[in-house]
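Participant: I'd like to ask some things about the structure below.
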Amino acid sequence: MKRLFCVVMFMVFVMTGCGSEETADCVRIFADSSLTEALNAAIDAYKEEHPVNIEIVSGSTSSLYNRIEEGEDCDIFIPSSKEQINSLIEDDLLEEENVTPILENDVVLIKKLDSNLTVKSFDTAAEAKSIAIANEGEPAGDFAREIFINLNVFKDVLKMNTSNYEDSPSVVNAVIEGKCDVGVCFETDALAQADKVQIIAAEPKDSLNSEAVYSVALLKGENGIDPDENTKNVAEYLDSPEAAQIFAGYDFGIYIS
C-alpha cells in the first residue's frame, strides 16, 4: 500500500507541471480569457520544437492582475489593455522595456443569432430591454462604458436591465443563453461563437480613447531578478511571425507599432 501511495504521489507531481519543485524551468503565463484558445494553439506549436514546461493560467485581466499584485508566481502577463501594464510598472513589478504589444481586438455589440431585435448600433442599444457588460475595472467592461459615454447614451443604457459579468466570453455566453438581449464583448469572442451570436455593430470610430491591445509583459522574478532565458524565449516567440499567423487564424489583429 505504501508503495502504491508513492507511485500515485509521483504521478501527481509529474502532472501538476509548474506546481512541482522539480520543474524550476517552468514558464507560467497569465493571459486574458479572450486569448485562451489562440494562446493554447500558439504554445502547443512552440512546444513541438522546444521541450519547455509551460503553464497557461486564463482568467479576466483584472483578476489575474490582482493575483500578481498579491504575489502569485507569474512569468509572463498578457492582459487585454495597457492599464494593468502601467500599474505593474508603477509598482516596480515590471520594466517598461520588457513589454511588447502584439495583438489588437475590437469591441462589438452582439445579439443572439435568432433574435428579432432591431437594434442596429451602439447608440441605439437602449432600444433593447437588457444588456450584458463585463465588470467595471475589467477592460472589456471599461471599453463598453467608454463607448456609451462618448456616444452620449450612457444614461439611457443605465436605465436598461444591466447584468455585469466577469469577462468578455461570459458576456457572449449570457447572450447565447438568453439572459440578456444584447451584450458588449471583444470581436474575437463573438466570432468564436458565430453560429450562436450575431455582431450588430463594431465600435464606432473615435468612440474609444484607448485601445484593446494585448501586450506580452515579462515580470520581474523573485527578489527583482530579470526573467530567465526560457521566459525570454517564449516571449520572443509570441511576437514572432509564426505566432502571429496562429493568432490571426483566431481573428486577432496583429499590432503594428
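Participant: Over segment 67-187, what per residue volume does the convex hull of the Cα atoms give, in whole Å³?
Facilitator: Taking only Cα atoms, segment 67-187 has a hull volume of 125 Å³ per residue.
Participant: By average Cβ neighbour count within 10 Å, what is the ranking of 185-194, 110-119 from highest down?
Facilitator: Descending packing order for the listed peptides: 185-194, 110-119.
Participant: Subtracting the Cα-Cα distance from 0.36 nm times the residue separation, let me have the gained length for SER257 to LYS205 in nm, one decimal. Walk me through the intermediate numbers first.
Facilitator: Working: separation 52, 0.36 × 52 = 18.72 nm, distance 1.97 nm.
Taking SER257 through LYS205 to full extension adds about 16.8 nm, to one decimal.
Participant: If each of GLU229 and ASP92 carries a label point 7 Å out from its Cα toward its Cβ, how far apart are those two points in nm?
Facilitator: Label-label distance for GLU229 and ASP92, simple model: 2.9 nm.
Participant: Can I ask one more? Given that just one value was derived from the coordinates, which of [x] 47, 42, 29; [y] 64, 48, 34; [z] 49, 46, 32 is Cα extents along the principal axes in Å?
Facilitator: Read-out from the structure maps to [y].
Participant: For LEU191 and GLU104 in the same chain, what is the full-extension length gain: residue separation times 0.36 nm, less their Cα-Cα distance, in nm?
Facilitator: Result for the pair: 29.9 nm of gain on full extension.
Participant: Going 7 Å from the Cα of LEU113 toward and past its Cβ, which residues in segment 174-212 have a backbone nitrogen under 12 Å from where you end up?
Facilitator: So the set is 176, 191-199.
Participant: By its C-alpha gyration tensor, with a ≥ b ≥ c as the square roots of the eigenvalues, how is segment 144-218 shaped: rounded for a/c under 1.5, else prolate for a/b larger than b/c, else oblate?
Facilitator: Verdict is oblate for segment 144-218.
Participant: For the pairs LYS82/LYS120; LYS155/LYS205; LYS120/LYS159; LYS205/LYS232, flag any whose C-alpha to C-alpha distance is greater than 26 Å. Each step should come with its number before you reach the end.
Facilitator: Working: LYS82/LYS120 30 Å; LYS155/LYS205 20 Å; LYS120/LYS159 19 Å; LYS205/LYS232 36 Å.
As for pairs spanning more than 26 Å Cα to Cα, those are LYS82/LYS120; LYS205/LYS232.
Participant: Does segment 131-186 come out rounded, prolate or oblate, given a ≥ b ≥ c as the square roots of the eigenvalues of its C-alpha gyration tensor, rounded meaning a/c under 1.5 and, failing that, prolate meaning a/b above b/c?
Facilitator: On the way: a/c = 2.14, a/b = 1.31, b/c = 1.63.
Cα axes put segment 131-186 in the oblate bin.
Bear in mind that the values in this text are calculations on the coordinates, not laboratory data. As the structure is a computational prediction, the values presented were derived from the model and not from experiment. Cβ atoms come from the backbone with ideal geometry, glycine included; neighbour counts cover every protein chain shown.
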